[in-house]
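Peer 1: Structure provided below as C-alpha cells; questions to follow.
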Amino acid sequence: MGTDAAPQAEVEGAIQAARERLAEVLLVGPQEMLKRELGRHHEARSLRIEIVHASEAVTMEDAAAKAFRRKRDSSMRVAARLVRDGEADGLISAGNTGAVMATAKIVLGTLEGVDRPALAAVFPTSKRKASVLLDVGANVDCKPHHLQQFAVMGEIYYRVIFGIHRPKVGLLSIGSEDHKGNELTREALGLLKHLPVHFVGNVEGRDLYNGSVDVIVCDGFIGNVALKISEGLVEAVSSLLKEALSSTLSSKVGYVLSRKAFRDFKRRVDYSEYGGAPLLGVKGVCLICHGASNSNAIKNAIRVAAEFAEGRINEKIERELAIRSLSQN
C-alpha cells in the first residue's frame with residue numbers, strides 16, 4: 001500500500017515476479033481492494049500469490065512513531081509480523097521510509113552485534129557495474145563504530161548480491177589522504193583499517209560513479225544528501241538529453257540510433273532495475289522502495305529480497321561481526 005499508485009504497482013510487480021518464479025508473494029493490505037486489483041489480471045489465478053488482510057495503511061503524512069503505536073493493523077506492521085513469525089522471508093514496502101524502518105527495528109529486532117541498521121542504496125557506475133552506498137538515511141548521527149559495522153554489512157551484501165569475491169570498501173570523505181575529513185571519518189578510518197575486508201581507505205564523492213570502489217560507507221545524513229542529489233541529477237540529465245535529441249536530430253537513421261543510446265542510458269540509471277534499498281542489520285529481510293516505484297521496481301525488489309534470503313546474508317553478518325568482536329577482546 002506504499003507506492004504513489006498503490007496498490008496497482010505492487011500487484012502488477014507481484015504478478016511479474018510470480019510469473020518469473022522469483023518468489024511466492026504475499027500481498028498485504030485491504031482484502032477487497034487487493035482482490036479487485038488482482039481480478040483485473042486473469043493470469044493471477046494460476047500464480048503463487050496470496051492476500052493477507054490488513055485494515056489500515058501508513059501514509060506519507062504519518063509520523064513514524066505515532067503510526068507504529070496507533071495503526072496496529074497497518075499493512076506495514078502485519079507484513080513485519082509475518083516475517084517475525086517465520087511465515088515470510090522478507091518485507092518489501094514503498095511506503096513511509098521512517099515508518100518502515102521503525103516498524104522493522106521494533107517488530108523484527110536487530111541482529112546480534114548490530115547497534116544500528118543501515119540503508120544501502122545501489123548506484124550505477126561508468127564501469128558498467130554497481131556500487132553500494134550506506135547509510136543513506138537510517139542514521140543521521142553516527143559514531144565511528146557504527147561506520148565499522150556498516151562496512152562489514154555492506155561488504156557481505158555486495159558479495160552475495162553481486163557475486164564479487166572481494167569487493168573494495170571505501171570511506172566517504174573530502175579527500176583520499178588519511179588526515180582529511182572530520183572527526184568522525186578520521187576515527188572511523190582507523191577502525192576500518194583493521195577489518196577483514198578489502199579496505200582501500202578514504203574515497204571522494206566522484207568515486208561513487210567511477211567504479212573504482214564497490215562499497216562506500218558514510219553516515220546517514222551525508223548518504224541521504226548524496227542519494228537525493230543523484231536522483232535529481234538523473235532526472236535533469238535525462239530531460240536535457242531528451243530535449244537535445246528532439247531539437248537537433250534531422251536524420252532518421254541518426255534519430256533511431258540516438259534514441260537507442262538514450263534508452264540504454266535510461267535503463268542504466270533507472271532505480272527500478274535495482275528494486276529497493278535493503279535495511280541491513282535487522283532480523284529477516286527488509287527492502288524499502290521509492291514511493292514512485294513502478295511494477296518493474298517492485299518485481300526487482302522481490303528478486304533482491306529472495307536473493308538476500310537465499311544467500312543467508314543475515315547469518316553471515318552476525319558471524320563476521322562476532323568474529324570481529326572476539327578478535328578485539
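The values are calculated or read from the model by the stated rules, or taken from the named source; none is laboratory data. In this text, all values refer to a predicted model and were calculated from it rather than measured experimentally. Cβ coordinates were reconstructed from backbone atoms using ideal geometry, including for glycine residues, and neighbour counts include every protein chain displayed.
Peer 1: Tally the residues that are more than 19 Å from D219 (Cβ to Cβ) and out of contact with any Pro (no Cβ under 8 Å at 6 or more places or on another chain), restricting the search to the range 155-178.
Peer 2: Residues in the range 155-178 being more than 19 Å from D219 (Cβ to Cβ) and out of contact with any Pro (no Cβ under 8 Å at 6 or more places or on another chain): 11 in total.
Peer 1: Please pick out the residue among V132, V136 that is in contact (Cβ under 8 Å) with a residue 12 or more places away in the chain and outside any loop (DSSP other than H, G, I, E, B).
Peer 2: Exactly one residue qualifies, and that residue is V132.
Peer 1: Return the only residue of G137, G113 being at pLDDT below 95, surrounded by fewer than 21 Cβ atoms within 10 Å (Cβ to Cβ) and either over 30 Å from V28 (Cα atoms) or of a type outside the set (A, V, I, L, M, F, W, C) (or both).
Peer 2: G113
Peer 1: Sticking with this structure for a sec: Considering each residue of the range 207-235, count those that are in a helix (DSSP H, G or I) and either at pLDDT below 80 or closer than 15 Å to P124 by Cα (or both), and give that number.
Peer 2: 14
Peer 1: Mind listing just one residue for me: the one in the range 16-51 that is in a helix (DSSP H, G or I) and touching a residue at least 60 places away in the same chain (Cβ under 8 Å) and, of those, surrounded by the most Cβ atoms within 10 Å (Cβ to Cβ)?
Peer 2: We begin by selecting, within the range 16-51, every residue in a helix (DSSP H, G or I); these are 16-19, 31-39, 42-46.
Then keep just the ones that are touching a residue at least 60 places away in the same chain (Cβ under 8 Å); that gives 16-17.
Values: Q16: 19, A17: 26.
Among those that are in a helix (DSSP H, G or I) and touching a residue at least 60 places away in the same chain (Cβ under 8 Å), it is A17.
Peer 1: Kindly indicate whether any position in the range 262-278 is in contact with a helix residue (DSSP H, G or I) (Cβ under 9 Å, 6 or more places away or on another chain), modelled with pLDDT of 90 or more and not hydrophobic (A, V, I, L, M, F, W, C).
Peer 2: Looking for residues that are in contact with a helix residue (DSSP H, G or I) (Cβ under 9 Å, 6 or more places away or on another chain), modelled with pLDDT of 90 or more and not hydrophobic (A, V, I, L, M, F, W, C), one finds at least one in the range 262-278, hence yes.
Peer 1: Determine, yes or no, whether V152 is over 17 Å from F221 (Cα atoms), crowded, with 17+ Cβ neighbours inside 10 Å and in contact with a helix residue (DSSP H, G or I) (Cβ under 9 Å, 6 or more places away or on another chain).
Peer 2: yes
Peer 1: Given the criterion part of a loop (DSSP other than H, G, I, E, B) and farther than 29 Å from A6 by Cα, identify the matching residue among R116, R159. Don't jump to the end; show me each part of the working.
Peer 2: On the way: R159 fails: part of a loop (DSSP other than H, G, I, E, B).
Sole residue among the options that is part of a loop (DSSP other than H, G, I, E, B) and farther than 29 Å from A6 by Cα: R116.
Peer 1: Moving on to the next point. When the residues of the range 219-235 are filtered to those that are under 15 Å from the mean Cα position of the chain (by Cα) and in contact (Cβ under 8 Å) with a residue 12 or more places away in the chain, which remaining residue is surrounded by the most Cβ atoms within 10 Å (Cβ to Cβ)?
Peer 2: By that ranking, first place goes to G223.
Peer 1: Considering the range 135-164 alone, what residues qualify as being aliphatic (A, V, I, L, M) and over 16 Å from N314 (Cα atoms)?
Peer 2: Scanning the range 135-164 gives V136, A138, V140, L147, I164.
Peer 1: Next question. With the requirement that a residue be surrounded by fewer than 12 Cβ atoms within 10 Å (Cβ to Cβ) and either in contact with a strand residue (DSSP E or B) (Cβ under 7 Å, 6 or more places away or on another chain) or among the charged types (D, E, K, R) (or both), what does the range 74-96 give you?
Peer 2: D85, E87
Peer 1: Here's a follow-up. When the residues of the range 177-212 are narrowed to those that are free of Cβ contacts under 8 Å to residues at least 12 places away in the same chain and of a type in the set (K, R), which ends up nearest to S131 (Cα to Cα)?
Peer 2: Once the filter is applied, the top-ranked residue is R206.
Peer 1: Quick check on this structure: which one of I161, I106 is surrounded by fewer than 24 Cβ atoms within 10 Å (Cβ to Cβ), under 13 Å from the mean Cα position of the chain (by Cα) and of a type outside the set (S, T, N, Q)?
Peer 2: Selected residue: I161, the only one of I161, I106 that is surrounded by fewer than 24 Cβ atoms within 10 Å (Cβ to Cβ), under 13 Å from the mean Cα position of the chain (by Cα) and of a type outside the set (S, T, N, Q).
Peer 1: Which one of these is under 18 Å from the mean Cα position of the chain (by Cα) and at pLDDT 95 or above: V122, V100, V83?
Peer 2: None of the others qualify; the one that does is V83.
Peer 1: Could you tell me how many of the residues in the range 180-195 are among the small types (G, A, S), assigned to a helix (DSSP H, G or I) and surrounded by 15 or more Cβ atoms within 10 Å (Cβ to Cβ)?
Peer 2: 1
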